[in-house]
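Rule-based calculations on the coordinates, nothing more; no lab input. Just so you know, these numbers come straight off a predicted model, no measurement behind them. With ideal geometry, Cβ positions are generated from the backbone for all residues, glycine too; neighbour counts draw on all protein chains shown.
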């Protein structure tokens, strides 16, 4: 009953169709490689969902040869020098899962083919090399190492995922727990996928041998792959339809950008952009390349502002496609522990502040400037982003908006500093054990409240300012919670200063 | 503008239609019983929304006689021996609301018909006896009694819903509050619906007498009905369209599985499954029976994994339909206070642990094994669930996933134990009054923090592991909050040990 | 693949079309004014998104002259005496942005036209005077002044948005922060938009001068406009498509009614109404006027119950359209600090309780009755709302539902009173500094917990009762949190009574 345009009811006759893709017979004329055909002959029964999903993909319907003929602006492929034997057939199972055996330590013999389970950005680079190159420079592709090879951040991971035990009136943090790490932080950051042996499995085809993979399954953005590459394309471009529609929907990003540490999706969905997208995207075209603002979509999703190739109706460029998401970002709003200019290098493990800590700012907020982009580069990236805004908003509007964002970065950093100063008293008085007491920064009650100040509330507030989801900057984990945390830290500092009675004595 | 397949734009001509159900004239040829026709003649004005909704239902369009002719795999009806007089007409108002007078204490004379307001599973069993039988063995159908006839759980309900008063420097919990119970816990668990008298109502038809029903309205899964049955079909199969589409959408489950105690829907919507479903379900067929994986849907909703009859494109069975949701569950992830193997009997009021408490585990976590399924039965149910997973995922994938889930059950139970051990010190020292002090377990500040450890955070973490919504296992009510709660409990234990000054004395 | 009706698959042939609005060529025959045409000639390049969006609007497709010919029940325009020169052309840029220069202090010369950036309700009243008149009586239109001109509420704003600093062991609240206010509370409440000067901007047309506007951008419901009017239509009727569909979707309301202080959208989306809307609204008609219950929609969105003109299939009135949302509300569920009868006057700055505070109740809950509607008026408004309910629900159902809501208002007010009584002891003992100590009510740790009791948890519980989203009345910020907060306040009262050691002394 829904009608895309209210006056059009009378026109609802005999003109079109709602293509029933799933019900359509599969046109056997799409040229599949013999190897892929052999894969499918079993897997259509073994894993029917994947096969059906793939059949709906462009990979299954278009050969690279055809795709290469498209005009540049409409191309989804960026490779020009694809091995000729790959251009004639559609892109099927064998094309992605068998053609890189020397690189893949996870390759195993499977019905006569050298198959590897994990398809990596390096594999995708066969046809999409520009995207792979950009993504390698995207800080997201280093998310595993940036977290786990930073001593301080790894301490945070440990304080969350290891089991705490209580004995003799004290709590002790247990050993690092790799499985819990995979199941929590590394789910989004990416695991290390390595071959740990082989095992026999009884299948419908009899006994078969498969590699045992550590850290599998995983679709984290900074996954460390068995071919030595880092990253994954599948967090956004979901298997096996690899539809650009899925990546352009905000839900793709929500998988990792929804929690209280980085509630970007929630902020978006509480914004005008999110509200209009939710109400009207049934009438959008989320498939077309390039993406024409106003024609294919009105209200932007995450991709429109941060990643996609956007043009206007005249075909003029609004924004170039980038898989180096930092390209449109002047600031890293994510506070560690303060918001700071975007790091120059996607590998942030190299950063050291003046105090020698692996943090992009001092504990008191001053940026570790040599590792971060300078104001000129910040301006450039800000202007790139603003180019998208001005498709729909006046310069008055855009200037007012960015003024608020800058102010929010400053005030939230100040509120983090206030909380940190209370902690510094607590640490220096010894009522809480910190770095100088050879203890972690994240494992006591007050420390955990302090972490929430910057990791949850300051982050949420800045995202709310950036994307106009004001709730998340006030009562939904925003300024209210920042001011509350400061007062509660102060209350606890007073409590902690009181002499502690011996444990175990029954109260009178 | 949205197109199901990107290459199909050129084919958008003259082939199909978007059926405008709501605007279509009602085909008066659908054979309605005379009684139903009489109901509708008034109710089309009295409650037009219901009537219009019902007119869109299959109940209004198909007679049982026609439905019985379908091949078994396509049947939605499971009854074979339906009273002949019911098979010739469509299933209308009278068929559900008038035909069980002897059983229904809520039956009242209404325009010459014996009408009962509350339609129960026993009524639905006329045509759907297999589903009703399964649902009776589903733990959900006992949700009212399992909560309210368990002394400890009822104490929890009481501590939440009764009004707390503050007098003379102390808090006191008021009397049990049946209306607040109906409005909170029992909204999902189900109320007790009983006839409490009759009252005159002035209607467009003049004065009429209607029964006064306790606990009404309610669509809780374990509702205690005026015909003596337990449960309700309408929580998922919403009135009066009873569309399978509504039940297959994740929102149906979200009504009761969204809060911090059981954030299943939130976890799902942060998962890959949820993201892909949200982005692509506009192109799914959520109506067909059986439900063909890959053809009718790609990414599963709750129903696909837990309930629905799923087949593959060859018509091979992936999973049998079940309304005994426990059939596919090895564990009860919901901690009471620890996660434990699924109870054998849907009636959990019979469970006693070794300490004599009505809990499926000891306070220190050991399962009350005789009331719970054994490892062999757990394996069987796990394999049933994994059968759905393998429609789309390799055995490597599935094995890795379930290994994490098992680990998460173990570590979250350990974190619950840590918190419980702190409480045991608090209770034994008398700084918090527990069972041995003839006091509740859930009514003081520290106790409430302890409850959140298992009821919110451990539950959330396990659901996140089960459904790959990692946020809910880390920062969104997950492992972060578990470790924080442990430290905060310890802080409070220290505070509580300090001698308490007299109240009312002004501070110096 | 989705089919609106399951039996209709066979009918999916050659009957209709999915109108591809966006791809359709723009019919140049829609009569645009010469001024609008000139605007568009540049802005199609300068801000292509806006122009494309507007082209999909009814404003761009229908002239007021045509719209005036519609029968009254189908009219979206309420003005009868529109200046003749405005009726012949569609409603374009110039019609809204240039025709009120004398009133608009933000008017500036722009390519020969007197343009004003901010379109206000007074502008919209040219064609929609009834809606504008109603909205002026809607409490929402006063949201800025009601917040910022109430001394106590402004203190709350200040305690949230000003930066807190920590020096010498004490916290101090910084100066009022207008930019943070705009970015948080005033985002929804509305800013004060005033001309603060002019600035030169380099555009594709060369140097141009634009006014510098304070508080811009803003789409808050109570915005104070440069033409002296209060309010904005765009929070719900989003620019520049102004589609009624957007306003009828629940997401429109969610922008400001989602946070923990007023989680109306979250409650709705956890309710049966929300679940069915989410699952089935793809088949609704959210565009038609009037809105026919059962035909155009089944499950109501926010607008259906609170605002829209709803009729039944016979054309009988179910509810009149109102932009004075209070028309259907007996109570103001939003506690300040207690829920209370709806205020008589949308300007609530005039309210004083017996204690002289600008609050609609005493601190102990008794209503400031002379400023609030009386029980008779409450009954009238309740019956208006119930008229919508009875489109789909029996009188038994409706009576049971409203009984619970009334009970919830009473018990949540009691729980607020309990928390307030604990605070009154804290204030009178001087362990927390309150009004009698010339200090704020919202700036210390215990005070902030107390605020959450009424602003978050009591509000959430009442909304859950009103809209049947039970989770939000139990564990998701509901009764559980109310009872927990009471116990925690009591714990803190005991802690605060203990003598405070000197700061800065290291622990032994």
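The table below gives the values:
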read-out	value
Hull volume in cubic angstrom per residue (convex hull over the Cα atoms of the protein assembly as shown)	177 Å³
Rg/Rh for segment A:255-395, where both radii come from Cα atoms and Rh is the Kirkwood radius	1.03
Shielding of C:220-227 by partner chains, average beta-carbon count, 10 Å	0
Number of partner chain Cβ atoms within 10 Å, mean per residue of C:384-394	3
Segment C:168-263, relative contact order [Cα under 8 Å, separation at least 6], %	20 percent
Order of B:255, B:196, C:376 under a 10 Å beta carbon neighbour criterion, fewest first	C:376, B:196, B:255
Residue exposure sequence - A:273, B:43 - by fewest surrounding Cβ within 10 Å	B:43, A:273
For segment B:164-323: span of alpha carbons on each principal axis (Å, largest first)	65, 55, 29
Between 0 and 90°, nearest 10: helix C:479-497 axis offset from chain C longest Cα axis	40 degrees
Exam field: residue A:499 pseudo-label spacings to other copies (7 Å along Cα-Cβ), nanometres	1.1, 1.1
Segment C:97-157 - Kirkwood radius from inverse mean 1/r over Cα pairs (Å)	13.7 Å
Within chain C, helix-based [θ] at 222 nm, where runs of 4 or more DSSP H residues each add -39,500 (n - 2.57), nearest 500	-10500 deg cm²/dmol
Angle between chain C longest axis and helix C:34-46 axis [Cα atoms, degrees, rounded to 10]	60 degrees
C-alpha long axis of helix C:395-429 to longest principal axis of chain C, angle in °	40 degrees
Percentage relative contact order, segment B:341-403, counting C-alpha pairs under 8 Å, at least six apart	26 percent
Inter-chain Cβ neighbour average for residues A:411-421, partner chain, 10 Å	3
Overall Cα dimensions of segment C:324-497, principal axis frame, Å, largest first	56, 36, 19
Over chain B, relative contact order from alpha-carbon pairs under 8 Å, at least 6 apart, %	12 percent
Diffusion constant of chain A at 37 °C, which comes from Stokes-Einstein with the Kirkwood Cα-pair radius and 0.692 mPa s, µm²/s	128 µm²/s
Copies compared at residue A:365 - label distances in nm, ascending, label defined 7 Å from Cα in the Cβ direction	4.3, 4.3
Residue exposure sequence - C:29, C:87, B:164 - by fewest surrounding Cβ within 10 Å	C:29, C:87, B:164
Shortest-first distances to equivalent copies, position residue B:204, nm, label 7 Å out along Cβ	5.7, 5.7
